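Step one of this worksheet: look at the structure below.
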Amino acid sequence: METKEKLNAIKGGEFLVKDVEAKDIFTPEQWSEEQQMIAQMCKDFINNEVKQHFDEIDSQSNPTLVPSLMEKAGELGLLGLSVPEDLGGMGVDFKTSMLATEALGSGHSFSVAYAAHTGIGTLPLLYYGNAEQKAKYIPKLASGEWKAAYCLTEPSAGSDANSGKTKAELTEDGKHYIINGQKMWITNGGFADLFTVFAKIGDDEKLTAFLIEANSEGISLNPEEKKMGIKGSSTRQVFFNNVKVPVENMLYEREQGFKIAVNILNIGRIKLAGACIGGSKVAISDSVKYANEREQFTRPISKYGAIRHKLAQQATLIWTAEAATYRASQNIDDAIQALIDGGMDKEQATLKGIEEFAPECAILKVIGSEALDYVVDEGVQIHGGMGYSAETGIERAYRDSRINRIFEGTNEINRLLTVTMILKKAMKGQIDLMGPAMAIGKELMGIPDFGAPDTALFAAERKYITNFKKALLMVAGSAAQKVGEKLAKEQEIVMNCADIINYIYVAESALLRAEKVVAIKGEAAAQNELDMMRIYLYDAADLINKAGKDALFSFAEGDELKMMMMGLKRFTKHEPFNVKEARQRVALSLIEKNEYCF
């Protein structure tokens, strides 16, 4: 009970000012047997049903292939994991659905179709639909009989979704809305049976959402888009020409469409992080296998330090991103449960719980997609010339990865959102940033503590995390004070702060996970986990220092700048650490297991 209360007490974004204990977070080392079985079922589905069709899916020569695979996934229950049992689903908790998303994340274009259907295709209806709408459509979506797509983006409305021009007009008899407009980049557009479409009614300033069946008269599609990657994902423009939609197919309430879009995007962001982790694990395993097989100068290239450095860095980014993702997933689950215990229905509680941790969702979208990009980029490099050949899986992984930094809001938008959302929470009094920031100002004027270092296990790492947070509060607090209300327009400074926030969240998550692993299996058996955690903290110290300097040089000067630069140096100081040997140990474990093994 005490642990549960502590878990429920943490708020989204509050990690910046609140210490968290390892025992109070969830890590992947704690998956239950049932959860592991679900993950294995998902992996088996990719390996046994999808993998052999990768080339055919990418060629789009068989338009029924992906829909038929979706139906097979539906038969196994994979399309209804998040759907309540009374609507034909399995009703698993949030972090279990995250695990399934990770396990299915290596399916390339199929994974995109799956994620779009089960996420943005199904969830708006599940969370915002009325009882009649859900009863009519959700069982069909959960079984795979029907497929879903989400129509938000327009040629002139991307990141600024509310500027869309698609219109809805009520008929004179009040029984239908007439929809006119154009949507683009619609995933699953070519085979979807149900569209969630966002439009403005009359002169409304905000969007309203509608459920529109794809066979409605007046809907037409452009040919499939030709894309850099995810070539097998159906991506089409959808045109609505006087499409008649029954008034009962309005989703939720008038002018609440933007709210729906924002909340569903929060879910999509953290789910994307999970999928990227799954794809990363397969990509690094392919790289390890190739490095063990490929010989140069009479030795496997896995024996060379340059290759081992790449493998260890890939593993470190995967392991730390995974730690952060499931930490947040458990926080969301706990927030949902607390709301349910307080009397809220599950769908509303799920939305509110995820909304509470919207900053973490944005952080993880960036961290996960950029980790995958690094893993596949270095994977191509490890493969050398073969990595550029379409004969290898890493070539497809490299192409398919790039979209993830654009999906669910670009990484730039998500960086800006992270800072904006945390500042809004502070202004509402939900997080106390001002108190800790003022305390740091006093600390900078005082004499540094030169006392004897604490030699206890993890004492040094905990101090690094504490100091990283001080660096952020010093930089961001000073920026807010200096720039004031114009801070939102100073995007470079905001993104510097976002980068620091991201490094802090992942670094702390890695430390907490390492502590938990040591508690589970002992320090000696946790050498690799300790190494990856310490590698990340070592790198983060320099990265935070660089982002902090970039920000400070943008707005501070004179004695104030000198004082804050001294503070930044103090807060990002790292003791000597043989990072080469740590990476060698991590790489050797990968090489011996011939796959990602953490």
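Looking at segment 504-525, which of its residues are of a type in the set (D, E, K, R), assigned to a helix (DSSP H, G or I) and surrounded by fewer than 20 Cβ atoms within 10 Å (Cβ to Cβ)? Quick ask: steps written out before the conclusion?
If we filter segment 504-525 for residues that are of a type in the set (D, E, K, R), which is where we start, we get 508, 513, 515-516, 521, 523.
Subset that is assigned to a helix (DSSP H, G or I): 508, 513, 515-516, 521.
Once the filter is applied, which keeps residues that are of a type in the set (D, E, K, R), assigned to a helix (DSSP H, G or I) and surrounded by fewer than 20 Cβ atoms within 10 Å (Cβ to Cβ), segment 504-525 yields only 521.
Return yes or no: is residue 415 modelled with pLDDT of 95 or more, within 28 Å of residue 13 (Cα to Cα) and more than 23 Å from the chain's Cα centre (by Cα)?
Criteria not met by residue 415.
When you scan segment 80-190 for strands (runs of 3 or more DSSP E) that lie fully inside it, which ones turn up with 3 or more residues that are within 28 Å of residue 328 (Cα to Cα), of a type in the set (Ser, Thr, Tyr) and in contact (Cβ under 8 Å) with a residue 60 or more places away in the chain?
Details: elements: 148-151, 167-170, 176-187.
Filter on segment 80-190 gives an empty set.
Only one of 378, 356 is of a type in the set (D, E, K, R), buried (at least 19 other Cβ atoms within 10 Å of the Cβ) and closer than 27 Å to residue 530 by Cα; which?
Criteria check complete, one pass: 378.
Of the residues that make up segment 479-486, is at least one more than 23 Å from residue 553 (Cα to Cα) and modelled with pLDDT of 90 or more?
Within segment 479-486, none of the residues are more than 23 Å from residue 553 (Cα to Cα) and modelled with pLDDT of 90 or more.
Residue 47 versus (1) in contact with an Asp or Glu (Cβ under 6 Å, 6 or more places away or on another chain); (2) modelled with pLDDT of 95 or more: which is the lone unmet condition?
Every condition holds for residue 47 apart from (1).
Looking at residue 366, is it modelled with pLDDT of 90 or more, out of contact with any Asp or Glu (no Cβ under 7 Å at 6 or more places or on another chain), buried (at least 22 other Cβ atoms within 10 Å of the Cβ) and within 28 Å of residue 478 (Cα to Cα)?
Answer is yes for this residue.
Just checking, how many residues over segment 477-504 are without any contact (Cβ under 8 Å) to a residue 60 or more places away in the chain and within 17 Å of residue 363 (Cα to Cα)?
Counting residues in segment 477-504 that are without any contact (Cβ under 8 Å) to a residue 60 or more places away in the chain and within 17 Å of residue 363 (Cα to Cα) gives 3.
Before we move on, is residue 186 closer than 30 Å to residue 47 by Cβ and among the hydrophobic types (A, V, I, L, M, F, W, C)? Write out each step before concluding.
Working: closer than 30 Å to residue 47 by Cβ: yes; among the hydrophobic types (A, V, I, L, M, F, W, C): yes.
When the stated conditions are applied, residue 186 passes them.
Just the residues that are within 35 Å of the chain's Cα centre (by Cα) and modelled with pLDDT under 85, please, taken from segment 444-474.
Across segment 444-474, the qualifying residue is only 456.
So residue 432 passes all but one of these: (1) under 26 Å from residue 510 (Cα atoms); (2) in a helix (DSSP H, G or I); (3) among the charged types (D, E, K, R). Which condition number does it fail?
The failed condition is (2).
Which of the residues belonging to segment 195-217 are in contact with a helix residue (DSSP H, G or I) (Cβ under 6 Å, 6 or more places away or on another chain), surrounded by fewer than 24 Cβ atoms within 10 Å (Cβ to Cβ) and aliphatic (A, V, I, L, M)?
Scanning segment 195-217 gives a single hit, 211.
Just to be sure, is residue 62 modelled with pLDDT of 95 or more and of a type in the set (S, T, N, Q)?
Criteria met by residue 62.
Only residues that are part of a loop (DSSP other than H, G, I, E, B), touching a helix residue (DSSP H, G or I) at 6+ places or on another chain (Cβ under 7 Å) and farther than 30 Å from residue 489 by Cβ: list them for segment 373-419, please.
Taking segment 373-419 and keeping what is part of a loop (DSSP other than H, G, I, E, B), we get 389-392, 406-410.
From what's left, touching a helix residue (DSSP H, G or I) at 6+ places or on another chain (Cβ under 7 Å): 389, 392, 407-409.
Across segment 373-419, the qualifying residues are 389, 392.
With respect to the numbered conditions (1) touching an Asp or Glu at 6+ places or on another chain (Cβ under 7 Å); (2) touching a residue at least 24 places away in the same chain (Cβ under 8 Å); (3) within 28 Å of residue 396 (Cα to Cα), which one is the sole condition not fulfilled by residue 58?
Among (1) touching an Asp or Glu at 6+ places or on another chain (Cβ under 7 Å); (2) touching a residue at least 24 places away in the same chain (Cβ under 8 Å); (3) within 28 Å of residue 396 (Cα to Cα), residue 58 violates only (1).
Does segment 125-148 contain at least one residue that is touching a Gly at 6+ places or on another chain (Cβ under 9 Å) and under 25 Å from residue 412 (Cβ atoms)?
Looking through segment 125-148, none of the residues is touching a Gly at 6+ places or on another chain (Cβ under 9 Å) and under 25 Å from residue 412 (Cβ atoms).
Would you be able to tell me the number of residues in segment 223-257 that are closer than 24 Å to residue 132 by Cβ and outside any loop (DSSP other than H, G, I, E, B)? Before the answer, list the steps.
From segment 223-257, those closer than 24 Å to residue 132 by Cβ are 240, 243-257; that's our starting set.
Now restrict to residues that are outside any loop (DSSP other than H, G, I, E, B): 240, 243-251, 257.
Qualifying residue count, segment 223-257: 11.
Condition (residue is over 24 Å from the mean Cα position of the chain (by Cα), among the acidic types (Asp, Glu) and modelled with pLDDT of 95 or more) applied to segment 5-21: is it met by at least one residue? Let's see the steps before the verdict.
At the first step, the residues of segment 5-21 found to be over 24 Å from the mean Cα position of the chain (by Cα) are 5-6.
Adding the requirement that they be among the acidic types (Asp, Glu) leaves 5.
Keeping just the survivors that are modelled with pLDDT of 95 or more gives none.
No - not one qualifying residue is present in segment 5-21.
Criterion first (modelled with pLDDT of 95 or more and either buried (at least 21 other Cβ atoms within 10 Å of the Cβ) or of a type outside the set (A, V, I, L, M, F, W, C) (or both)) does residue 72 satisfy it? Break it down into steps so the answer makes sense when it comes.
Values: modelled with pLDDT of 95 or more: yes; either buried (at least 21 other Cβ atoms within 10 Å of the Cβ) or of a type outside the set (A, V, I, L, M, F, W, C) (or both): yes.
For residue 72, the condition - modelled with pLDDT of 95 or more and either buried (at least 21 other Cβ atoms within 10 Å of the Cβ) or of a type outside the set (A, V, I, L, M, F, W, C) (or both) - is met.
Residues that are under 25 Å from the mean Cα position of the chain (by Cα) and not hydrophobic (A, V, I, L, M, F, W, C): find the helices (runs of 4 or more DSSP H) completely inside segment 526-598 holding 3 or more of those.
527-555
Residue-wise test of (1) over 22 Å from residue 262 (Cβ atoms); (2) surrounded by 13 or more Cβ atoms within 10 Å (Cβ to Cβ).
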| position | (1), (2) |
| --- | --- |
| 156 | no, no |
| 160 | no, no |
| 170 | yes, yes |
| 173 | yes, no |
| 184 | no, yes |
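The values are calculated or read from the model by the stated rules, or taken from the named source; none is laboratory data. These figures come from a predicted structure and were not determined experimentally. Glycine gets a Cβ as well: all are built from the backbone with ideal geometry, and neighbour counts include every protein chain shown.
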